[in-house]
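One structure is given here, and the rest of the page talks about it.
The values are calculated or read from the model by the stated rules, or taken from the named source; none is laboratory data. Small disclaimer: the values here were computed from a predicted structure and weren't measured. Reconstructed Cβ throughout: ideal geometry from the backbone, glycine too, with neighbour counts over all protein chains shown. Each accessible area value is taken on the protein alone, full model and side chains, heavy atoms only, with ligands, DNA and RNA left out. Shrake-Rupley method; radii C 1.70, N 1.55, O 1.52, S 1.80 Å.
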Amino acid sequence: MTRSQSKKRGPWIDVACISMIVVLSMTLTFLGSSKESDAKQNTNNGPEVKKDVSTIESAFPGILITTEVKNDDYSPYAIQYPQSKVVSFNDRVKKYIDEQRDNYLIAMEENKRIDSTTPGELNIAFETFPHASGSYSLVMISGTYLGGANGFNSFNTIHFDPESGEIIEIADLFGHDESKLVKLSSLVRDGIQKDPSLTNRVLKEDMMLATEPKWSNFENFALIDDSLVLYFDEYEIASGAAGAPVIAVPLAALTEQLVAPYKLDVEEVLPKPPVEEVSDEAGEEPIEEPDDSDASENIVVVQPVEKGAKQVALTFDDGPDPKVTPQILATLAKYDAKATFFMLGSRVESYPEIANDVLTAGHELGNHTWTHANLTNMATDSITKEVSRTNNIIEQATGQAPTVFRPPYGAFNDDILNELQLPVVLWDVDTLDWKHRDAAQLLTSVKSSVHDGSNVLMHDIHLSTAQGLDSVLAYLTSEGYEFVTVSELE
Ligand code: ZN
């Protein structure tokens, strides 16, 4: 099983407006342990590779994930972007990626000439949101830090049908009738005014310009569950490093403006699952008819999922840590929440009793390699060693072998998959907790992108994560989420 995203669609969190704040902290530091972040490689492992590029299939048919990692001390980057079999789509994605990467590397070279030795960082990730029409909204998020002042981030989105190769623009959603944008424009303006993260920051005139009813103002969009989500540049409508504003407009408010198949169609009923007990789950993926006809025939095991029950899998990487992990366990216990911990073998060796506490509390254990190495840079026997040593130490410490595997940096390829006996589990919500180290920011990150079936990446080695976790759990509980391990998530 390879899963980077949940295939399940569910109700969009009921928010009229959300704001994605991916403020790159000025306190970002590259000092300290090389194990601390998913964007930095342990340099003790093998020869340093200038740039590593690999492509794998994603959980979404027709969408591939290309990963580019450059690990050096001065201008490292970790980039993930979508690819497909459609050249025009690939070109458009690569144009954005090349621009982001080149701008970053050029700026870093310029810094060097003025004698700055402070390292920078570039991270680009993307999320895939499937639409009922078979197309996808792909949202790329780029965070740049140039080693000096504030970091900044940008969004780039493409809505795309991998079968037909068609790229769907905002104008297509509105039947190319620009007058229909007036309603969207006013809804977005309302959303911005009500967004608490933008309070007292909105630059009225700039905001009015950026939200005028023109196609070019709304070209960065995604269709996510029952919302049309609009993305704006970080300094476009608000002052200060408030993060790039993200405004979600319910499709229900735009039924008269949108054209099929993008408008919310109450008549539209997705194929019903063949089993009675779950037939009220309109909106869920259809359940496949089992086609094996062996002796236990006719017994169809279906987990009855209550309508509206949303699931989220919280995951904690890079531990265990003697200070942070116990705090996280206490907070999880307070909400009776189960989570998954992807542990480093080297840290389990140092803190076996903490690893054991995690299992005893009922959480799932995952293997995250021994040294936090980028496995795509390694020979097969070294990969095997990274994985098996970690399996062994976890079993030794807890009495139970890990059941899932997460590669550091999310970097893996077919060779690595072949070596693994464990399912690979990535994530779809990256809190960037290791980067912002800000307890309040943790909730903002989760709020901006969590949905039913999300797998949320955090790290149980930062105190700020432990401090911010309570409000994350309180929020998700109030939104009706249940907390499951990654193996329980489906
Ligand atoms: Zn990690």
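For region 365-385, the set of residues classified as on the phi < 0 side of the Ramachandran plot, within 16 Å of the ligand (Cβ to nearest atom) and in contact (Cβ under 8 Å) with a residue 40 or more places away in the chain consists of 366, 367, 368, 371, 373, 374, 375, 376, 377, 378, listed by residue number. Look at residue 427 and say whether it is in a helix (DSSP H, G or I) and within 18 Å of the chain's Cα centre (by Cα). For residue 427, the condition - in a helix (DSSP H, G or I) and within 18 Å of the chain's Cα centre (by Cα) - is not met. In this entry, residue 84 is excluded by the filter for residues that are closer than 21 Å to residue 409 by Cα and of a type in the set (Gly, Ala, Ser).
Residues in region 263-280: is at least one surrounded by fewer than 20 Cβ atoms within 10 Å (Cβ to Cβ), touching a Pro at 6+ places or on another chain (Cβ under 8 Å) and modelled with pLDDT of 90 or more? Checked region 263-280: no residue is surrounded by fewer than 20 Cβ atoms within 10 Å (Cβ to Cβ), touching a Pro at 6+ places or on another chain (Cβ under 8 Å) and modelled with pLDDT of 90 or more. All conditions but one from (1) free of Cβ contacts under 8 Å to residues at least 60 places away in the same chain; (2) more than 18 Å from residue 246 (Cβ to Cβ); (3) in contact with a strand residue (DSSP E or B) (Cβ under 7 Å, 6 or more places away or on another chain) apply to residue 176; the one that does not is (3). State all residues of region 329-346 that are aliphatic (A, V, I, L, M) and within 12 Å of the ligand (Cβ to nearest atom); if no residue qualifies, say none. Correct list: 343, 344.
Any idea how many residues of region 403-412 are open to solvent by 10 Å² or more (accessible area, probe 1.4 Å) and closer than 19 Å to residue 362 by Cα?
Adding up the residues that qualify gives 1.
I'd like to know if region 430-450 contains one or more residues that are away from the ligand (no atom under 14 Å from the Cβ), of a type in the set (Ser, Thr, Tyr) and assigned to a loop (DSSP other than H, G, I, E, B). No, region 430-450 contains no residue that is away from the ligand (no atom under 14 Å from the Cβ), of a type in the set (Ser, Thr, Tyr) and assigned to a loop (DSSP other than H, G, I, E, B). Total residues in region 108-151 satisfying the condition of being open to solvent by 10 Å² or more (accessible area, probe 1.4 Å), β-branched (Val, Ile, Thr) and either closer than 30 Å to residue 173 by Cα or in contact (Cβ under 8 Å) with a residue 24 or more places away in the chain (or both): the figure is 3. Quick one: how many residues across region 405-421 are within 16 Å of the ligand (Cβ to nearest atom) and not in a helix (DSSP H, G or I)? Total satisfying the criteria: 5.
Taking every residue in region 408-419 that is in the same structural domain as residue 381 (by TED's automatic domain parsing) and pairing it with any residue that is small (Gly, Ala, Ser), at least 6 positions away or on another chain, the pairs with Cβ-Cβ distances below 7 Å are 408/373; 409/39; 409/78; 411/54; 413/54.
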